[in-house]
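Asks: A single structure is presented below for examination.
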Amino acid sequence: MGCYKDCPIMHLRSRLPSTGALFVFEAAARNLNFSDASREFNVTQPAVSKTIRQLEETLGVKLFARTASGVDLTPSGKILFEAVSSGFRQVELALNEIERLRDDPVAVTISVTSSFAIHWFMPRMDRFRMALPDIPIRFQIQHSEATGPLDGALLGVRREDPADQDFDRTYLTDERIVAVASPAYIAAHGRLDQGTTLKGHTLGYLYEQPRVPWDTYLRDSGCPPPQDAGRMTFSDYALLLQAVIKGQCVGLGWRYIISHELEQKGLVPAAGRDHVTGLKYYVVTPKGRPVADEVAQVRDWLIDEINSDSMGLAR
């Protein structure tokens, strides 16, 4: 039953002075400082140096090079650090998943932006509970663009991004952006495309420059430029949308997020044309990992709801 000679893990073990050497190396490489690494393990700096020296002697290469400011990784050190840190992250994600299964074996954690959670999911929570009453859901909230890793979540909504390769994905919707305002705001100020200037209008901005700024949207929609408009600036897109709903400003709305507000007439278009970026959004799961039945059910429910939104707005 054993595989001492042929087992890859045992072969790896024979090439290292100790498995603990990898933990010490990772800390030293991450900090680029042996003293900082020693404090993480509550050992002396010479003990860290000795472990690194033993690892280098076993591998037959230098992993660190001394510089005027301390130490830096050699090319071999960079290769090993990338492999070790990636492996440790995968182990941590696996341990998190084991803990999740131990504490709540059914709950599905979904990674979405704050605006999607507040303005798309919350209005549909009753429908979700009716459709999937036995599946608790947890939200892992992003306060920026819908990109990046899932960080342990089993499901997520992500915009296509060449940097994100660690997903299995299912198409959700195209990215469409429209200027929106409350009916009261439109009644008081009119639409953005109804005059030769935006004087009297207030536009909602984010501190972080968006991919589609107001200048681009207004130009492509045949509206006047933004220079004459007032502005309100927010740190989070969900807060910006809340101000738009309250009639305080006009905002750029991602249709897949604001579909409920549009359908309920809490928001109305403030210009007659959508800005179509050509990008797409997907429901994603960790790449290569089997999808549990409850995760597949939540994924399919999300897709059905988004499709229902699209058909409702088209009518």
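The values are calculated or read from the model by the stated rules, or taken from the named source; none is laboratory data. On a predicted model such as this, the values are computed, not experimentally measured, just so you know. Virtual Cβ from ideal backbone geometry, glycine too; neighbours counted across all protein chains shown.
Asks: For the list (1) out of contact with any Phe, Trp or Tyr (no Cβ under 6 Å at 6 or more places or on another chain); (2) more than 30 Å from residue 135 (Cα to Cα), I need the number of the one condition that residue 98 fails.
Replies: Failed condition: (2).
Asks: Could you list, in sequence order, all residues of the range 241-274 that are under 17 Å from residue 220 (Cβ atoms) and surrounded by 16 or more Cβ atoms within 10 Å (Cβ to Cβ)?
Replies: Applying the first criterion (under 17 Å from residue 220 (Cβ atoms)) to the range 241-274 yields 250-255, 269-274.
Residues satisfying the conditions are 250, 251, 252, 253, 254, 255, 269, 270, 271, 274.
Asks: So, in the range 229-271, how many residues would count as being over 21 Å from residue 307 (Cβ atoms), aromatic (Phe, Trp, Tyr) and part of a strand (DSSP E or B)?
Replies: 1
Asks: Continuing with the same structure: For the range 58-73, give me each residue that is surrounded by fewer than 13 Cβ atoms within 10 Å (Cβ to Cβ), of a type outside the set (Lys, Arg) and farther than 13 Å from residue 31 by Cα. Can you show your working first?
Replies: We begin by selecting, within the range 58-73, every residue surrounded by fewer than 13 Cβ atoms within 10 Å (Cβ to Cβ); these are 60, 65-69.
Then drop every residue that is not of a type outside the set (Lys, Arg), which leaves 60, 65, 67-69.
60, 65, 67, 68 - these are the residues of the range 58-73 that are surrounded by fewer than 13 Cβ atoms within 10 Å (Cβ to Cβ), of a type outside the set (Lys, Arg) and farther than 13 Å from residue 31 by Cα.
Asks: Just to check your reading of the model, which residue among 233, 285, 277 is within 30 Å of residue 199 (Cβ to Cβ) and surrounded by 14 or more Cβ atoms within 10 Å (Cβ to Cβ)?
Replies: On the way: 233 fails: surrounded by 14 or more Cβ atoms within 10 Å (Cβ to Cβ); 285 fails: within 30 Å of residue 199 (Cβ to Cβ).
Within the list 233, 285, 277, the selection yields 277.
Asks: On to the next question. Within the range 271-285, can one find any residue that is farther than 28 Å from residue 137 by Cα and touching a Pro at 6+ places or on another chain (Cβ under 6 Å)? So that I can check it myself, show each step before the final result.
Replies: Initially, the range 271-285 is screened for residues farther than 28 Å from residue 137 by Cα, giving 271-278.
Subsequent filtering for residues that are touching a Pro at 6+ places or on another chain (Cβ under 6 Å) retains none.
No.
Asks: Could we say that residue 219 is under 17 Å from residue 269 (Cα atoms) and without any contact (Cβ under 8 Å) to a residue 12 or more places away in the chain here?
Replies: Details: under 17 Å from residue 269 (Cα atoms): yes; without any contact (Cβ under 8 Å) to a residue 12 or more places away in the chain: yes.
The answer is yes for residue 219.
Asks: Quick check on my filter: what residues within the range 58-77 are within 20 Å of residue 38 (Cα to Cα) and in a helix (DSSP H, G or I)? Spell out the reasoning first.
Replies: Taking the range 58-77 as the starting set, the residues that turn out to be within 20 Å of residue 38 (Cα to Cα) are 62-67, 69-73, 77.
Scanning the range 58-77 gives a single hit, 77.
Asks: Same structure, new question: If I ask for residues that are over 19 Å from residue 145 (Cα atoms), out of contact with any Asp or Glu (no Cβ under 8 Å at 6 or more places or on another chain) and at pLDDT 90 or above, which ones from the range 271-290 would you list?
Replies: 274
Asks: Check the range 293-303 and report whether any residue there is in the same structural domain as residue 237 (by TED's automatic domain parsing), outside any loop (DSSP other than H, G, I, E, B), free of Cβ contacts under 8 Å to residues at least 60 places away in the same chain and acidic (Asp, Glu).
Replies: If we filter the range 293-303 for residues that are in the same structural domain as residue 237 (by TED's automatic domain parsing), which is where we start, we get none.
No, every residue in the range 293-303 fails to be in the same structural domain as residue 237 (by TED's automatic domain parsing), outside any loop (DSSP other than H, G, I, E, B), free of Cβ contacts under 8 Å to residues at least 60 places away in the same chain and acidic (Asp, Glu).
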